[in-house]
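Some notes on the structure that comes next.
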Amino acid sequence: MQPPRLRRSLPCVCAFLWLSAAFATGAEIRVIYPEFEPDIDGKEVDWIYGDYLMKNDQISVTIAAPIATRDANLTIRGIGASILDLTLNHPSNDQLSAFIPTAGRYQFHDPSQVQIGRDGDAVFWQCRSSKSLAGDGTTAIVRYRLVDGNAFVETTVWIEGDTAETVKAFDGVRADRSFEMEQSGSVAYCSDAFFRQTIGFKSPIGTEPPQWKNGRPAELHYSDQHVQRGDAMTTWTVLLYPATSPIDLLAVAEGSHRSPAMHTFEVPLQIPGGDQQAAVRRAKISLRTKTESENTASTPFTLQTDDQGVAHARLVPGKYIVWYTAVGNTPFVQIIKSSDQPQTIRLGTSATSGFSATVTDGDGTPIPAKATVYAANGDPPDFGPDSTRTFVKNCVYAVHGQMHCPLDPGTYEIHFSRGPEYNSVTRQIQVGKETITELSVQLDRVVDTRGWVSTELHSHSSPSGDNTSDQYGRVENLLCEHLEFAPCTEHNRISSYAPHLQQMQLSHLMATCTGMELTGNPLPANHQNSFPLHHHPHTQNGGGPRVDPNPVVQIERLAMWDGGSDKLVQMNHPNLHQIYGDLDVDGTPDKGFRGMLKWMDVIEVHPLETIFQDVASKPPNVREMRIPLFQWMQLLNQGYRIPGVVNTDAHYNHHGSGWLRNWFASSTDDPAAISTDEMIRQAEAGHIVMSTGPFLSVVGTSKTGETQAIPGDDLAAEDGQVNVQVTVQCPNWLDVNRVAIFINGRRSEKHDYTRKNSPELFADSDSVVKFDSTITVQLDADAHLIVATIGEGMTMDKVMGEQYGKRPPIAVSNPIFVDVDGNGFQANGDELGLPLPKSPHEASSGK
């Protein structure tokens, strides 16, 4: 089978306009540009301007432009000529990351090799490869063909060259995390049951299905019956079917090329209340065919409804037994008869069991809140995967303070929370069959943080490419944990939380801005966040910079992006040993990536517990140095005044945000009035307290002047005496039992106070103010002072969940820099007992 020799079409835009206009009633192909954007829904949509859209009345397909710089996201790179988005038009729901012809063994980097046209009742897109990664002299041609009325796109690959007949026939599929790879009959498929998309792969020749091989991407291997070889050529064809589910797929792929009628199932689960209530109508619908003459049943298939209780499937005409299951509802069974015409089938329902709650603050105003539900006996309820929104595992995120939560009959303990400035309320309820327990919950804001706002500077969702979390769910998580400033920092893509906040009508509750995490190699040195950055929607990287293999070059590029505009550059989860002087982390000092330090505005230093550990006596392997807080204090002693921050780096939505945060000094306590510019200034000044929950206030004074110093400030103390006012506040679900001052990074034995050795300094465990004391510190020389507090032996597990709640309540301030001799603060050079990697010249010169 020879590849078609097609004439190159008209210049790009004109050609696509012509093809779409001339055949508007059938299949069409266009280039994507601002005046023509695809109407494709789904969590994994990745098209940008310059890509291509193929569409007919059944399905939509986007194809990545064949250029060297075309990346879908962090983990799907060099993706030219691959299918990025593939979905039915109704319902439109793209969950596929990519279909990669030849599984990336050939590069498609030359747009001049693109050919398009119409072949009878079909349109096609074709491209020749630029390079074989095997270096074997072969060339690949990929062709996509879409026929009017067909519910699949046909993909053909030709391999040409002297050794082409030896090339293995397989393609790649990126369908991540919640997808399962399966086979049925002659079809291989990947299926994400919860997010309601299945993609089928079928060869038009032979009866065997393609075979899956695990990997990233997963490989789809074709047998000899699927492949034609000869005349220095190997070729294979596979048909790609987007579907809602396996039963929907098989009705099409194992039947005729034309689609059976789409059937819409509605499960009208009872949800009282208004539109702003956190509630979902999630249900699993099971179907099996019923043969009238034999009265036997086949193996059931499952459909997952969306959050509105709606599911779709094309069905072969016949009788089906249908039943559904939903948390808090009695299973309901009925028999339906499908036909060759579209139908809407409304399934019967029972009354729901569970609870409804309204959560307010002390003034009676509804507030965003999280409910974490535990069963008294057995496993907690599972409302949905950790990548979804609103009802996530055993959590309910109610951004408007109202929720309707279905539960099966039983006894439950529910923890209502709103972040660490609010008390938590625990309710134990007995849920009866078909009954709803009404709850009114008041969460009092008991921690006084006036002059400070809570921030999260590093979190992710599906656009990052290394996770599949719903970005809307990330914003719900941030709001319900009372984060007041949170830039959007997806990997290698400028993105925005603003549309979600606007959809929720809650932009006034959380300040945000566009930003990104620029993520390259080597790890972990080459990860940096920055915000604000100008967002260019539907362009490569959202208009952001590309990575560079040299971390020094990359961080400078990021810092100078957008014409050198003012922005914050954050070093993420670093191995500072590597950066300071051991770039290959082999234990032998070298120049490192020390040039990065001058571009860093702040450094992530978690885990905070490191400050109370004896790191120097038992240092980790240099390749595994996850002790950035200790290394940060070493750098402070070398004169690098780079403030420390902590962030969750959340990738999934089940308690992902909120268990780690910063408090920034702020001129306003109103999130609606927070200025990104001010947040940058406060961060660069080090006006930061880092915490898993406790609110730590640190103010330094001296006799030299009347100025008060907060973390990050300089303080003159000519007599060496500094009065440090330390206050620790906690809500009722947190506590601390230790407060210590660190002088130049070393814990002061004199100023290490515990509830056991200094009980008079600590309040009762039920008090909000846990510690409130002025500590006099006497210094002989310049020093920086850091204050830390911890609840040793304590956890946050009921409110923050098992994974993150096992950590102790802890807070660490940024340093106050004390000048004793009047000539400005001078760092003391102390390496804290663990030598920094220095070149032979530095070591010999004493630098």
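Hey, can you tell me all the residues within the stretch 342-355 that are crowded, with 21+ Cβ neighbours inside 10 Å and either in a loop (DSSP other than H, G, I, E, B) or of a type outside the set (Phe, Trp, Tyr) (or both)?
Of everything in the stretch 342-355, those that are crowded, with 21+ Cβ neighbours inside 10 Å and either in a loop (DSSP other than H, G, I, E, B) or of a type outside the set (Phe, Trp, Tyr) (or both) turn out to be LEU347, THR352, SER353, GLY354.
Conditions: (1) over 30 Å from PRO366 (Cβ atoms); (2) not in a strand (DSSP E or B). PRO272 meets all but one. Number of the miss?
Checking PRO272 against (1) over 30 Å from PRO366 (Cβ atoms); (2) not in a strand (DSSP E or B), the one that fails is (1).
Based on this model, can you work out whether TRP561 counts as touching a residue at least 24 places away in the same chain (Cβ under 8 Å), more than 22 Å from GLY712 (Cβ to Cβ), among the hydrophobic types (A, V, I, L, M, F, W, C) and assigned by TED's automatic domain parsing to the domain that holds ASN467?
Working: touching a residue at least 24 places away in the same chain (Cβ under 8 Å): yes; more than 22 Å from GLY712 (Cβ to Cβ): yes; among the hydrophobic types (A, V, I, L, M, F, W, C): yes; assigned by TED's automatic domain parsing to the domain that holds ASN467: yes.
Here the answer is yes, as TRP561 does meet what is asked.
Residues in the stretch 76-89 that are in contact (Cβ under 8 Å) with a residue 60 or more places away in the chain and under 14 Å from GLN540 (Cα atoms): how many?
Filtering the stretch 76-89 for residues in contact (Cβ under 8 Å) with a residue 60 or more places away in the chain gives 76, 81, 83, 86-88.
Filter once more, keeping what is under 14 Å from GLN540 (Cα atoms): 76.
Residues that pass the stated criteria total 1.
Determine the pairs where a residue that is not assigned by TED's automatic domain parsing to the domain that holds PRO731, located within the stretch 766-791, has a partner that is among the aromatic types (Phe, Trp, Tyr) and not in a strand (DSSP E or B) with Cβ atoms under 9 Å apart, the partner being 6 or more residues away or on another chain.
Here the result reads none, with nothing in the stretch 766-791 linked to a residue that is among the aromatic types (Phe, Trp, Tyr) and not in a strand (DSSP E or B).
Do we find a residue being surrounded by 23 or more Cβ atoms within 10 Å (Cβ to Cβ) and under 27 Å from the mean Cα position of the chain (by Cα) anywhere in the stretch 582-594?
no
Collect the residues in the stretch 406-449 that are at positive phi and not small (Gly, Ala, Ser), keeping them in residue-number order. Working first, answer last.
Keep residues of the stretch 406-449 that are at positive phi, which gives 410, 419, 434.
Scanning the stretch 406-449 gives a single hit, GLU434.
Being more than 30 Å from the chain's Cα centre (by Cα) and in a loop (DSSP other than H, G, I, E, B) is the filter; apply it to the stretch 275-308 and report the residue that is modelled with the lowest pLDDT.
Within the stretch 275-308, the match that is modelled with the lowest pLDDT is SER293.
Any chance the stretch 186-209 includes a residue that's within 23 Å of the chain's Cα centre (by Cα), small (Gly, Ala, Ser) and part of a strand (DSSP E or B)?
yes
Residue check: is HIS415 under 19 Å from ARG282 (Cβ atoms), touching a residue at least 12 places away in the same chain (Cβ under 8 Å) and not in a loop (DSSP other than H, G, I, E, B)? Step through it out loud before you land on a result.
Values: under 19 Å from ARG282 (Cβ atoms): no; touching a residue at least 12 places away in the same chain (Cβ under 8 Å): yes; not in a loop (DSSP other than H, G, I, E, B): yes.
So HIS415 fails the test.
Which one of ALA81, ALA64 is touching a Leu at 6+ places or on another chain (Cβ under 6 Å), at pLDDT 95 or above and under 18 Å from ARG128 (Cβ atoms)? Spell out how you get there, then give the answer.
Working: ALA81 fails: touching a Leu at 6+ places or on another chain (Cβ under 6 Å).
Residue meeting the stated conditions: ALA64.
For every residue, the table says whether it meets (1) aliphatic (A, V, I, L, M); (2) under 30 Å from GLU481 (Cβ atoms).
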| site | (1), (2) |
| --- | --- |
| ARG738 | no, yes |
| PHE762 | no, yes |
| SER773 | no, yes |
| ALA781 | yes, no |
| ALA788 | yes, yes |
| MET794 | yes, yes |
| GLN803 | no, yes |
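Taking GLU490, is it closer than 21 Å to PRO545 by Cα and in the same structural domain as ALA559 (by TED's automatic domain parsing)?
yes
Residues in the stretch 691-714: is at least one within 23 Å of CYS513 (Cα to Cα), assigned to a strand (DSSP E or B) and at pLDDT 95 or above?
Looking for residues that are within 23 Å of CYS513 (Cα to Cα), assigned to a strand (DSSP E or B) and at pLDDT 95 or above, one finds at least one in the stretch 691-714, hence yes.
Is it the case, given these coordinates, that TRP663 is touching a Lys or Arg at 6+ places or on another chain (Cβ under 8 Å), buried (at least 18 other Cβ atoms within 10 Å of the Cβ) and either more than 18 Å from ASP782 (Cβ to Cβ) or among the hydrophobic types (A, V, I, L, M, F, W, C) (or both)?
no
Can we say ASN744 is crowded, with 18+ Cβ neighbours inside 10 Å, under 30 Å from ASN394 (Cβ atoms) and in contact (Cβ under 8 Å) with a residue 12 or more places away in the chain?
no
To keep it simple, each residue is scored yes or no on (1) in contact with a strand residue (DSSP E or B) (Cβ under 7 Å, 6 or more places away or on another chain); (2) in contact (Cβ under 8 Å) with a residue 60 or more places away in the chain; (3) of a type outside the set (Ser, Thr, Tyr).
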site: ALA616; (1), (2), (3): no, yes, yes
site: PRO619; (1), (2), (3): no, yes, yes
site: TRP632; (1), (2), (3): yes, no, yes
site: THR648; (1), (2), (3): yes, yes, no
site: TYR652; (1), (2), (3): no, yes, no
site: TRP663; (1), (2), (3): yes, yes, yes
site: ILE674; (1), (2), (3): yes, yes, yes
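Quick one: is ASN823 free of Cβ contacts under 8 Å to residues at least 24 places away in the same chain, over 21 Å from THR727 (Cα atoms) and surrounded by fewer than 18 Cβ atoms within 10 Å (Cβ to Cβ)?
So ASN823 fits the description; yes.
Would the stretch 31-48 turn up any residue that is in a loop (DSSP other than H, G, I, E, B), of a type outside the set (Ser, Thr, Tyr) and more than 28 Å from the chain's Cα centre (by Cα)?
yes
For the stretch 529-587, give me each residue that is out of contact with any strand residue (DSSP E or B) (no Cβ under 6 Å at 6 or more places or on another chain) and of a type in the set (Phe, Trp, Tyr).
Scanning the stretch 529-587 gives TRP561, TYR580.
For every residue, the table says whether it meets (1) surrounded by fewer than 22 Cβ atoms within 10 Å (Cβ to Cβ); (2) not in a loop (DSSP other than H, G, I, E, B).
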| residue | (1), (2) |
| --- | --- |
| HIS109 | yes, no |
| ILE116 | no, yes |
| GLN126 | yes, yes |
| GLY149 | yes, no |
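Just the residues that are farther than 22 Å from THR692 by Cβ and in contact with a helix residue (DSSP H, G or I) (Cβ under 6 Å, 6 or more places away or on another chain), please, taken from the stretch 601-633.
Scanning the stretch 601-633 gives ASP601, VAL622.
Only one residue in ILE816, ILE775 is touching a His at 6+ places or on another chain (Cβ under 9 Å) and either under 20 Å from GLY639 (Cβ atoms) or among the acidic types (Asp, Glu) (or both). Which one? Before you say what the answer is, go through the steps one by one.
Working: ILE775 fails: either under 20 Å from GLY639 (Cβ atoms) or among the acidic types (Asp, Glu) (or both).
Selected residue: ILE816, the only one of ILE816, ILE775 that is touching a His at 6+ places or on another chain (Cβ under 9 Å) and either under 20 Å from GLY639 (Cβ atoms) or among the acidic types (Asp, Glu) (or both).
The values are calculated or read from the model by the stated rules, or taken from the named source; none is laboratory data. Computed from a prediction, not measured in an experiment: that's the story for all the values here. Note that we place each Cβ from the backbone using ideal geometry, even for glycine, and neighbour counts take in every protein chain shown.
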